[in-house]
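What follows is a single structure, written as structure tokens, with notes after it.
The values are calculated or read from the model by the stated rules, or taken from the named source; none is laboratory data. Predicted model, so just to flag it, every value in this text is computed and none were measured. Cβ coordinates were reconstructed from backbone atoms using ideal geometry, including for glycine residues, and neighbour counts include every protein chain displayed.
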Amino acid sequence: MPPVAYIQDIAQFDGQDVTLRGWLHNRRSSGKIHFLIVRDGTGFIQVVMSKADIGEQLFARADHLTQETAIVVTGRVRADARAKGGFELTGSGFTVVSESVDYPITPKEHGVDYLMDRRHLWIRSQRQQAVLRVRHEVIDAVRDFFNNRGFILADTPIFTPSACEGTTTLFPVQYFEDTTAYLTQSGQLYNEANAMALGKTYCFGPTFRAEKSKTRRHLTEFWMVEPEVAYATLDDAMDLAEHLVESVVARVLDKRRPELAQLERDTSKLETVRTPFPRISYTEAIERLKGAGLPVEWGGDFGGTDETVLSGQFDRPVLVHRYPAAVKAFYMKPDPQQLDLALCVDMLAPEGYGEIIGGGQRLDDYDLLLQRIKDHQLPQEAFEWYLDLRRYGSVPHAGFGMGIERVVGWICGLEHVRETIPYPRLLYRLYP
Ligand code: 4AD
Ligand code: MG
């Protein structure tokens, strides 16, 4: 048997005989020729099989091959400018590894619920593979960005004793007989401790929110990367955030053009994602929204529509800073210039994608932090360790969290975040 090749490396085998191991994606036949689209996980290629080349018997067998049959195909690689990917295989033979009967996802249109119920199969489609490859690239770019800047990865626990982002979206878990743990909403509080130990640190893992809202932006389980830096200010966090997003987008444009093309993404909308990003205060954002005719009042948080309208006014992500402290989390440092504002920032992605990053400068004063914990009716015992960070060498520090699925959804130009993660968890979805 000729050497085994992966479709993604096929150019190296031009003119040679190879063995491909994969699945039949699609097939069409004319009287004397079968055109098989074979995929092997690394790509798709057309295999042309003529009766003359493979013989009467095998040719007849190929006529019964069904979608997703596992097959091993041999043939000669041939450059062909018309072929997707630039190469075709002139088939010389095949063997069936195992059958696939009545594959439920046919090339015709299916509804989203139908596909979501079969997500474990749906991910075999070209489009879903493209999204997952972009996701991989985004994650790889994020890791490189921080690792190349001297950040230390220090992951934070999933089982936690207390809330970071408000008590209304906690998922409780029975932790042995008599304890309730909560799935983490954010690694931030532990990140702050890690930053006091390691200077520049990040965590990257799954986070959980019992979001009862059915929107195109919310998952109940999502992946978040969270950097935290000792001695950093709000401005430092904004600088870091915009450089991170610039570098992630540049990386996907550099490495994943074919996937973006598969997704029919208008990449001109991504080419403009260059630093510096515009920065506006919350107060200016309110003025802009009022100017656009939206019924907003100073003091409230932004809804999805507000974010869509605001982000639509810019050709790259916009940083909105200094929200009213009252609508933000307990750990935010007040703006010394105006104490009812928090030194926080949200980054809103353009084209209606809305918030992709949230963060800011942390409250580093012991007394005020204790007061905030009480004001928010959080159990002080559970936060004693966090208060220790203000007891023993407290310093200014800042960081943020970026939701991977929101970023992938925006970069891919998707309707909904449910396609950005292999197995989405939503209000009404826990299967497969
Ligand atoms: O704005 P959030 O809630 O900020 C925090 O959790 C901070 N503690 C992070 C930090 O400063 N270390 O969430 C951060 C980001 C959002 O901007 C969004 O991208 C994403 O996490 N996110 C979600 N993504 C999908 N589904 C959800 N339900 C999300 N909630 C937040
Ligand atoms: Mg937020």
Qualifying residues in segment 1-36 (those that are more than 20 Å from Ala60 (Cα to Cα) and among the β-branched types (Val, Ile, Thr)) - the one surrounded by the most Cβ atoms within 10 Å (Cβ to Cβ): Ile10
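Return yes or no: is Glu242 of a type in the set (Asp, Glu), within 24 Å of Gly399 (Cβ to Cβ), touching a residue at least 24 places away in the same chain (Cβ under 8 Å) and surrounded by fewer than 19 Cβ atoms within 10 Å (Cβ to Cβ)?
Details: of a type in the set (Asp, Glu): yes; within 24 Å of Gly399 (Cβ to Cβ): yes; touching a residue at least 24 places away in the same chain (Cβ under 8 Å): yes; surrounded by fewer than 19 Cβ atoms within 10 Å (Cβ to Cβ): no.
It is false that Glu242 is of a type in the set (Asp, Glu), within 24 Å of Gly399 (Cβ to Cβ), touching a residue at least 24 places away in the same chain (Cβ under 8 Å) and surrounded by fewer than 19 Cβ atoms within 10 Å (Cβ to Cβ).
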Identity of the residue in segment 152-169, more than 16 Å from ligand 2 (Cβ to nearest atom) and part of a loop (DSSP other than H, G, I, E, B), that ends up surrounded by the most Cβ atoms within 10 Å (Cβ to Cβ): Thr156
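Inspect segment 413-432 for any residue being in a helix (DSSP H, G or I), out of contact with any strand residue (DSSP E or B) (no Cβ under 9 Å at 6 or more places or on another chain) and touching a residue at least 60 places away in the same chain (Cβ under 8 Å) and give the result as yes or no. Steps first, answer last, please.
Initially, segment 413-432 is screened for residues in a helix (DSSP H, G or I), giving 417-419.
Okay, now just the ones that are also out of contact with any strand residue (DSSP E or B) (no Cβ under 9 Å at 6 or more places or on another chain), so 419.
Retained after the next criterion (residues that are touching a residue at least 60 places away in the same chain (Cβ under 8 Å)): 419.
For segment 413-432, residues in a helix (DSSP H, G or I), out of contact with any strand residue (DSSP E or B) (no Cβ under 9 Å at 6 or more places or on another chain) and touching a residue at least 60 places away in the same chain (Cβ under 8 Å): present.
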Select from segment 256-266 the residues that are within 20 Å of Ala349 (Cβ to Cβ) and surrounded by 14 or more Cβ atoms within 10 Å (Cβ to Cβ) and list them in ascending order. Arg256, Glu259, Leu260, Leu263, Arg265
Looking at segment 193-233, which of its residues are of a type in the set (D, E, K, R), in contact with a helix residue (DSSP H, G or I) (Cβ under 9 Å, 6 or more places away or on another chain) and more than 9 Å from ligand 1 (Cβ to nearest atom)? Lys200, Lys212, Arg216
In the set Tyr353, Tyr331, Tyr386, which member is hydroxyl-bearing (Ser, Thr, Tyr), more than 10 Å from ligand 1 (Cβ to nearest atom) and in the same structural domain as Ile280 (by TED's automatic domain parsing)? Tyr386
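State yes or no: is Gly41 in a strand (DSSP E or B), within 29 Å of the chain's Cα centre (by Cα) and modelled with pLDDT of 95 or more? Lay out the reasoning, then the answer.
Details: in a strand (DSSP E or B): no; within 29 Å of the chain's Cα centre (by Cα): yes; modelled with pLDDT of 95 or more: yes.
Taking the combined requirement at face value, the residue does not satisfy it.
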Identify all residues within segment 130-188 that are basic (Lys, Arg) and in contact with a strand residue (DSSP E or B) (Cβ under 8 Å, 6 or more places away or on another chain); write none if there are none. Arg143, Arg149
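It is to be established whether one or more residues within segment 309-327 are farther than 15 Å from Arg279 by Cβ, within 13 Å of ligand 2 (Cβ to nearest atom) and under 30 Å from the mean Cα position of the chain (by Cα). Reasoning before the result, please.
Of all residues in segment 309-327, those farther than 15 Å from Arg279 by Cβ come to 309, 312, 324-327.
Pick out the ones that are also within 13 Å of ligand 2 (Cβ to nearest atom) and you get 327.
Now restrict to residues that are under 30 Å from the mean Cα position of the chain (by Cα): 327.
Yes.
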Thr179 versus (1) within 12 Å of ligand 1 (Cβ to nearest atom); (2) among the polar types (S, T, N, Q); (3) surrounded by fewer than 19 Cβ atoms within 10 Å (Cβ to Cβ): which is the lone unmet condition? (1)
Report yes if Asp235 is surrounded by fewer than 16 Cβ atoms within 10 Å (Cβ to Cβ), out of contact with any Cys (no Cβ under 6 Å at 6 or more places or on another chain) and in a helix (DSSP H, G or I), otherwise no. yes
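Is at least one residue of segment 292-305 assigned to a helix (DSSP H, G or I) and of a type in the set (Asp, Glu)?
No, segment 292-305 contains no residue that is assigned to a helix (DSSP H, G or I) and of a type in the set (Asp, Glu).
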Only residues that are surrounded by fewer than 18 Cβ atoms within 10 Å (Cβ to Cβ) and either touching a residue at least 40 places away in the same chain (Cβ under 8 Å) or in contact with a Cys (Cβ under 7 Å, 6 or more places away or on another chain) (or both): list them for segment 298-323, please. Gly304, Thr308, Gly312, Asp315
Residues within segment 389-409 that are assigned to a loop (DSSP other than H, G, I, E, B) and within 16 Å of ligand 1 (Cβ to nearest atom), tallied: 1
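Scan segment 182-215 for residues that are within 16 Å of ligand 2 (Cβ to nearest atom) and either exposed (fewer than 14 other Cβ atoms within 10 Å of the Cβ) or in a loop (DSSP other than H, G, I, E, B) (or both) and report the count.
The initial filter retains those residues of segment 182-215 that are within 16 Å of ligand 2 (Cβ to nearest atom), namely 184-189, 191, 207-211, 213, 215.
Narrowing further to those that are either exposed (fewer than 14 other Cβ atoms within 10 Å of the Cβ) or in a loop (DSSP other than H, G, I, E, B) (or both): 184-187, 209-211, 213, 215.
Of the residues in segment 182-215, 9 are within 16 Å of ligand 2 (Cβ to nearest atom) and either exposed (fewer than 14 other Cβ atoms within 10 Å of the Cβ) or in a loop (DSSP other than H, G, I, E, B) (or both).
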Within segment 37-84, considering residues that are more than 16 Å from Ala11 (Cα to Cα) and in contact with a helix residue (DSSP H, G or I) (Cβ under 7 Å, 6 or more places away or on another chain), the one surrounded by the most Cβ atoms within 10 Å (Cβ to Cβ): Met49
From the option list Leu378, Leu368, single residue qualifying as more than 30 Å from Arg119 (Cβ to Cβ) and either modelled with pLDDT of 95 or more or within 16 Å of ligand 2 (Cβ to nearest atom) (or both) is Leu368
